[in-house]
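The values are calculated or read from the model by the stated rules, or taken from the named source; none is laboratory data. Owing to the predicted nature of the structure, the values given are computational and were not obtained by experimental measurement. Glycine also receives a Cβ, built like all others from the backbone with ideal geometry; neighbour counts cover every protein chain displayed. The accessibility values were calculated without ligands, DNA or RNA, using every heavy atom of the protein model including side chains. Shrake-Rupley method; radii C 1.70, N 1.55, O 1.52, S 1.80 Å.
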Amino acid sequence: MSHSKQLEQRLLEEIEGIRAIDVHSHVPAREPFARSLRDLLGYHYYTELAHSAGMSKETIAPDRPDDEMIPDLLRAMEAIDNTAQYRWLVELAQELFGFEHGRLTPHNWQPLARAVREAADEPDRASAILDASNIEKVFLTNSHDEDLEAIDTDLFVPCLRADDLVFRIEQPAVRHSLEAVTGVGLSDGDSLTRALGELVGRFREHGAASVAISLPPGFSAEPVADGALDTIFQRALRGEVAPQDAAMLHSGVLFALTAQCAEHALPFQVMCGALRGAYPHGVHQGRDLPVAGDTLRGLLPLLNAFPGVTFCLSVLSDSQVQELGSYGWILQNVVLSGHWWYLNVPEHVARDLTARLQSVPKTKLIGYYSDMYKLEFGLAKFGMYRRVLARVLAREFVSRGYGTERQAVEIARLLLRENALRIFRLEDG
Amino acid sequence: MSHSKQLEQRLLEEIEGIRAIDVHSHVPAREPFARSLRDLLGYHYYTELAHSAGMSKETIAPDRPDDEMIPDLLRAMEAIDNTAQYRWLVELAQELFGFEHGRLTPHNWQPLARAVREAADEPDRASAILDASNIEKVFLTNSHDEDLEAIDTDLFVPCLRADDLVFRIEQPAVRHSLEAVTGVGLSDGDSLTRALGELVGRFREHGAASVAISLPPGFSAEPVADGALDTIFQRALRGEVAPQDAAMLHSGVLFALTAQCAEHALPFQVMCGALRGAYPHGVHQGRDLPVAGDTLRGLLPLLNAFPGVTFCLSVLSDSQVQELGSYGWILQNVVLSGHWWYLNVPEHVARDLTARLQSVPKTKLIGYYSDMYKLEFGLAKFGMYRRVLARVLAREFVSRGYGTERQAVEIARLLLRENALRIFRLEDG
Amino acid sequence: MSHSKQLEQRLLEEIEGIRAIDVHSHVPAREPFARSLRDLLGYHYYTELAHSAGMSKETIAPDRPDDEMIPDLLRAMEAIDNTAQYRWLVELAQELFGFEHGRLTPHNWQPLARAVREAADEPDRASAILDASNIEKVFLTNSHDEDLEAIDTDLFVPCLRADDLVFRIEQPAVRHSLEAVTGVGLSDGDSLTRALGELVGRFREHGAASVAISLPPGFSAEPVADGALDTIFQRALRGEVAPQDAAMLHSGVLFALTAQCAEHALPFQVMCGALRGAYPHGVHQGRDLPVAGDTLRGLLPLLNAFPGVTFCLSVLSDSQVQELGSYGWILQNVVLSGHWWYLNVPEHVARDLTARLQSVPKTKLIGYYSDMYKLEFGLAKFGMYRRVLARVLAREFVSRGYGTERQAVEIARLLLRENALRIFRLEDG
């Protein structure tokens, strides 16, 4: 093995020993791991890629039995065995369930399905998966009216997902659920602010470490004065918000919510640029797309209005990645967070990580999060990231004389763990 | 040689053995290969780069004799001997004409010129070039009123180029030629649909395997109801389409033509983003540019309206490449096609290919097409691509554990040949 | 060492022997080098990155003594020791001041501070720094009313910075200073043209080799007829330019100034895409950002209107880099210049340089400029670039068969020196 390959290998071993914090996932607190192979194969990466490769949506109809559905899906998945996503599946099957093949086929899936079922019945399964993945804690995505009592805060960190509150506040159902959970009657801008304060406070009490939202491409955050928010919110209460005024209402709520982040010292995780429902023919969760040329510029009024709130930003389009890096480079309240969705591909991760390491303070990089729906994927996704990180640190940091091997490992520790602990004020377990 | 270099070499040998399909070119069916060195040097890459480097347009005036023009052009081309395009020229000169130097100069061009002339007189020259290039078939670009009888369909595949039909249908000359070739009098929207149906049917009968169009940056495809198309087309017949309505007319024709692709089961090759005539001082074919930040978003209504039509998409701007990848990732009817024009540069090809292989079904990647005007360039362009493909598969696929060497070769076979055969329903020769 | 590493090393030695021309800097002619460590640490890269990493602006208040300020700043800079910018500092400290550590800390800065002070008193210090950096000449950035007599033209090349003239001509102070320096009373469009002519002529006489300007994102250059410029400029003289007409005024002045570049055969250095004041909380010079998806398209009218003026273009957003390459590829009057600001990061430099070398005439690439404020940084910045250049030429040019080692060195000589000499018509010293 060459010297540089050996260096990469040594770094990887160190990096695999770092207990990671996963700051963004969609893991359901009550069903955090797969009970069946179907649960794993139901991840939208597989269904959307198989559908994209020609599989009909009927193939994966919920009422089809495993014995029919799974072989059909796996046949379709032959077309995607080149992808990083496919490799996640093989990796977790091998590492967590003793799967011994390099491809999952209609002929070898049954022992794996059995292993998944059996493992699901083992005690402390969630912990076991996280141990195998060397992940300490996993952030959840919780709606404002979710029951937070049920969450095992030894393993999970709640996070208030604010998309409904901000973008659908004109819907009575959203307002009613906010009233129900906070006990605040919504009658004007003031009461809205109070309700948001109650809500964020309640999340904080239950261990929440951040608020999160996904913003559409081209989103423009316009400061809305308190009086103006009151006026438009009262119109919303009467169901009289015209479509052209909805943007102002949403901006107003976004600013009011961010003010609560400031009040309760919670970072705001903002994912920018998903065009929702762009492909209506797609499978569930396989209908959204990035938009090339999108920019963070529209977010500046929000970022500038709350210099005391830490914004952990993620973007979806490659054409914005360097812009995001520049924001992290000069804005004190911007942290770069992970490699999201369509950019969570090794080639992009490697490029983006290299540029970030060369130009953004190391304390402002949250290296990675899983975005997963089931805990098993953390192993494979973080595994992929750890390998890219080891490679980039070996080639671009140590070999180019930026620092020592020890310093490289310290950077890795910041990216995988310590920055998250500090930024989200978690206890170091 | 290192192990990884040896792996790359072995893969390259396998890849060079794959008989490629070239799905897009501008080769003229009657003059498919060069009759003179001038024909080769007349490729716009050389004239535009030499002009860009300072050569006046008069240098390459058609009436200047070879003995004057060629040395002058070659002197100007010293400034471009660093480029991939220059290397194409050297490579094809070496491989097809026994040229022995690494640079083509005013002092060594004459034997090459003689070799080109002599080779042009050899029997079955087109076949010989394709054999040397290991290319089986080459798609042409045929205008709607072209004589399709003259095409040697053993070597070539016709393709209907639809730019005039869609974007210049308001010009009487375009309509008259459409009427002449289809025998359908154009009097309303209905007759337009019939004429397009006749036309596409006629192309299909002559072995055409696709329709192709080039769309301008920022193109927005707006569905136009049948009645609305009828109204606006009748205005066009009367010469009364206002400039601001032309976009609606063009969208209407585009949808009507795409409906015929659906009807006749023909894929639609769409090249997105060339700003035509951006640099009027440029040489012939050297006046168009990409536009940074362009997006495919405006194409979504078309892609969604025809889920049964396969769209083979190419883009011109690096800032759209990842967006295109995401489209191929989830849209069943989108195929990623080649590396077009300003992106047909090894650095971009390598990056883009790597990300595609990591995230798009392998069955949805048409690896490469030549876009050439003379067959000789297929050798050099596909040669360049084969080397990049071998490198990327060695480094990013096999060495990173994504699959075996044999699986890598199978992927190469899909990208160079089998996907094109399947998608365009060609017979496997 | 591997063969390819040896090749890279040999190329680097040759490249380090090339005496570079630095075509863009902000070095002040009267204070070209640092008199104190504070001068070096005051470079905005360090203050903005340290501020971004959490340091308060008060930490670097001008009235704080070195003994307090410097240790505090260095403590904050621990968070940025991963960056390329940090490495510049270490490299210049080691090479120019005998600093022996890999990190600059609150505990080891004092000997360095002493070395900087002592070196500042040495005779011919500016020359000595340039010799150590192997840089022959450094372009300055001079406002239109600057005293050009004071400039040592053995070391420096004046350059007229035109931002005020073009974008703030409606301000009386700008016009008055233009009148003062040219002796032309501004009363109409004609007198404006005369004043600009006088000004550019005066700069030319004092050895200026170019005009330079920075354009905002989305800038659209609209040709303004002489009569229209006269009308709007007269309105400006009366203080009656409405905000919506300012763009027309600025475009008019820009075209008039470019006409003087044509008249006086001066290249125009244009830096595109800085969004000024985007982050008002930032430190001095740390408030501007790139905008993703920005495009050069709006510049085409200017580029096309003056085919005889050489435009040396730089961009700020990664999403424009390939567009810029395409402009250099076909536009005779466009030269690609360096790697600017947020793109001056090794990962971006390497990628962009590779694509440029593969697709743009080698005579049209100004490889690099420092953009520095103090001469010391030239050593480190050019040092970084020379290493990237050696690596790219070794890996992408020589090893891939594009040319010989000798040809690679000749390309490097063009990029670092000869293109600048030719384009700016400097004497070859």
Percentage of interatomic Cα-Cα distances in the range A:1-91 larger than 16 Å: 66
Binned Cα-Cα distances of the range C:106-166, short to long, each 5 Å bin given as a whole percent: 4, 14, 18, 15, 16, 13, 10, 7, 3, 0
Sites excluded, GluC sites (Glu not before Pro) in DSSP loops with at most 15 other C-beta within 10 Å, longest stretch of chain C: C:241-426
Gain on full stretching of the segment that runs from C:ARG406 to C:ALA305 - 0.36 nm per residue minus C-alpha separation: 32.5 nm
Quotient of Cα Rg and 2.2 N^0.38 Å for the range C:220-331, N being how many residues it contains: 1.21
Partners for C:LYS5 among lysines (Cα-Cα distance below 16 Å; same-chain residues under 8 apart left out): A:LYS5, B:LYS5
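Computed on protein heavy atoms with a 1.4 Å probe, what is the summed buried accessible area for the chain pair C and B, in Å² to the nearest 100?
Roughly 3400 Å² of accessible surface disappears when C and B pair.
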Copies compared at A:LYS5 - label distances in nm, ascending, label defined 7 Å from Cα in the Cβ direction: 1.3, 1.3
Debye intensity ratio I(q)/I(0), log10, chain A, q values 0.11, 0.12, 0.14 Å⁻¹ (C-alpha model): -0.89, -1.05, -1.37
Unit charges at the beta carbon, dipole of the range C:336-378: most positive-side option, C:GLY338, C:LEU375, C:ALA355: C:ALA355
Residues of the range C:212-368: accessible area per residue with a 1.4 Å probe, Å²: 26
Range of Cα positions in the range C:48-145 per principal axis (Å), largest first: 39, 38, 27
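If each residue of separation counts as 0.36 nm, what is the full-extension length gain between B:ALA173 and B:ASP245 once their alpha-carbon separation is subtracted?
Numbers: separation 72, 0.36 × 72 = 25.92 nm, distance 1.97 nm.
Gain in length upon complete extension: 24.0 nm.
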Nm distances between copies for A:HIS26, ranked from closest, using label points 7 Å along Cα→Cβ: 4.5, 4.5
Expected 222 nm ellipticity per residue - DSSP helices of 4 or more, -39500 (n - 2.57), all of the protein assembly as shown, to 500: -14500 deg cm²/dmol
Average accessible area per residue (Å²) across the range A:85-129 - probe 1.4 Å, nucleic acids and ligands excluded: 49
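Want the number for C:HIS3 to C:ALA225: 0.36 nm per residue separation, take away the alpha-carbon distance, what's left? Spell out each step's value before the answer.
Details: separation 222, 0.36 × 222 = 79.92 nm, distance 6.05 nm.
Taking C:HIS3 through C:ALA225 to full extension adds about 73.9 nm, to one decimal.
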Phi to ³J(HN,Hα) by Karplus 6.51 cos²θ - 1.76 cosθ + 1.60 over the range A:215-231, Hz, x for Gly, Pro: 10, x, x, x, 4, 10, 8, 10, x, 10, 4, 3, x, 5, 5, 4, 4
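Cβ under 12 Å from B:TYR368's Cβ, B:TYR368 left aside: what net charge do those residues give with Lys, Arg +1 and Asp, Glu -1?
On the way: positive: B:ARG356, B:LYS381, B:ARG386, B:ARG387, B:ARG417; negative: B:ASP22, B:ASP352, B:ASP371.
Here the charged neighbours net out to +2.
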Around A:GLY277: net Lys/Arg minus Asp/Glu count, Cβ-Cβ under 11 Å: +1
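Looking only at other chains, what is the average number of their beta-carbon atoms within 10 angstrom of each beta-carbon in C:282-289? Write down the numbers at each step before the final one.
Details: counts 4, 2, 0, 1, 3, 2, 2, 10.
Rounded to a whole number, the mean comes out at 3.
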Two-site label geometry, C:ARG238 and B:GLN234: point separation in nm, points 7 Å out along Cα→Cβ: 5.3
A:THR295 long-range amide H proximity, modeled H, under 5 Å: A:GLY218
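If we count every other residue with Cβ under 12 angstrom of A:VAL224's Cβ, Lys/Arg +1 and Asp/Glu -1, where does the sum land?
Details: positive: none; negative: A:GLU222, A:ASP226, A:ASP230, A:ASP245.
Once all neighbours under 12 Å are counted, the net charge is -4.
Using only alpha-carbon positions, what ratio does the radius of gyration of the protein assembly as shown give when scaled by 2.2 N^0.38 Å? Walk me through the numbers on the way to the answer.
Working: Rg = 31.4 Å, N = 1287, 2.2 N^0.38 = 33.4 Å.
After normalising by residue count via 2.2 N^0.38 Å, the value is 0.94.
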From phi via Karplus (6.51, -1.76, 1.60), per-residue ³J(HN,Hα) for the range B:300-315 in Hz, x at Gly/Pro: 4, x, 5, 4, 6, 6, 10, x, x, 9, 7, 9, 9, 9, 10, 10
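Roughly what percent of Cα-Cα pairs across the range B:168-284 reach past 23 Å?
Details: 2291 of 6786 pairs.
Result for the distance tail: 34 percent.
Classify the range A:145-226 as rounded, prolate or oblate, taking a ≥ b ≥ c as the square roots of the eigenvalues of its Cα gyration tensor: rounded when a/c is under 1.5, otherwise prolate if a/b is larger than b/c and oblate if not.
Values: a/c = 1.97, a/b = 1.31, b/c = 1.50.
Oblate.
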For the range B:10-16, 3J(HN,Hα) per residue [Karplus equation, 6.51 cos²θ - 1.76 cosθ + 1.60, θ = phi - 60°, Hz, x = Gly/Pro]: 5, 4, 4, 4, 5, 5, 5
Accessible carbon and sulfur surface of the range C:315-429 relative to its total accessible area, %, 1.4 Å: 47
Share of Cα-Cα pairs in the range C:269-352 lying beyond 14 Å, as whole percent: 64
